[in-house]
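Every number here is computed from the coordinates shown, using simple stated rules; none is lab data. Just so you know, these numbers come straight off a predicted model, no measurement behind them. Please note: Cβ atoms are built from the backbone with ideal geometry, for glycine as well, and neighbour counts cover all protein chains shown.
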Amino acid sequence: MNIKGLRWWVIGLIALVTVINYIDRQALPVLWPDMAEELYPERTADERKEIYALISIFFILSYAFGQAIFGKIFDKL
């Protein structure tokens, strides 16, 4: 089965995923200052920064882990 313009569909989807990925990465730093005060009103500013650091670390580690695993899966497919 041939799909007309399949190459351009794939390129367009990759571009869309890239844009969504960058928006996702930038959403938390923009929203965190306002959101942290509502979620943790009893914490100091330094404690809220530590919480943000932990969230960022877990995100980066899970992203790297996912890339390593799914890279191998996609290579086999």
Subject >> Cα gyration tensor category, rounded, prolate or oblate, for the chain with a/c compared to 1.5 >> reply: oblate
Original post:
In nm, to one decimal, how far is the residue 60 label point from the residue 37 one, both placed 7 Å along Cα→Cβ?
Top reply: 2.7 nm
**OP:** Can you pull the one-decimal nm distance between simple spin-label points at residue 13 and residue 76, each 7 Å off the Cα toward Cβ?
**Re:** 2.1 nm
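Given the rule -39500 (n - 2.57) for each run of at least 4 DSSP H residues, summed and divided by the residues of the chain, what is its mean residue ellipticity at 222 nm, to the nearest 500 deg cm²/dmol? Walk me through the intermediate numbers first.
On the way: 2 runs with 66 residues, N = 77.
Helix-only estimate at 222 nm: -31000 deg cm²/dmol.
Give a quick list of trypsin sites (Lys or Arg not before Pro) in the chain that DSSP marks as loop, anything other than H, G, I, E or B, with at most 12 other Cβ atoms within 10 Å. Kindly include the intermediate steps, with their values, before the conclusion.
On the way: sites: 4, 7, 25, 43, 48, 49, 72, 76; in loops: 4, 43.
Counting only loop positions with at most 12 other Cβ atoms within 10 Å, the trypsin sites (Lys or Arg not before Pro) in the chain are 4.
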Original post:
What residue among 59, 29, 45 has its Cα farthest toward the positive end of the dipole of the stretch 6-76, where the charges are +1 on Lys, Arg and -1 on Asp, Glu, each on the Cβ?
Top reply: 59
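Assigning unit charges at the beta carbon (Lys, Arg +1; Asp, Glu -1) and nothing else, what dipole magnitude in debye, to the nearest 20, does the stretch 6-76 show about its Cα centre?
Numbers: 7 positive and 9 negative charges, 127 e Å.
It comes to approximately 620 debye.
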Original post:
Of 23, 11, 57, which is the most mobile in a GNM of the chain whose springs link Cα atoms less than 10 angstrom apart?
Top reply: 11
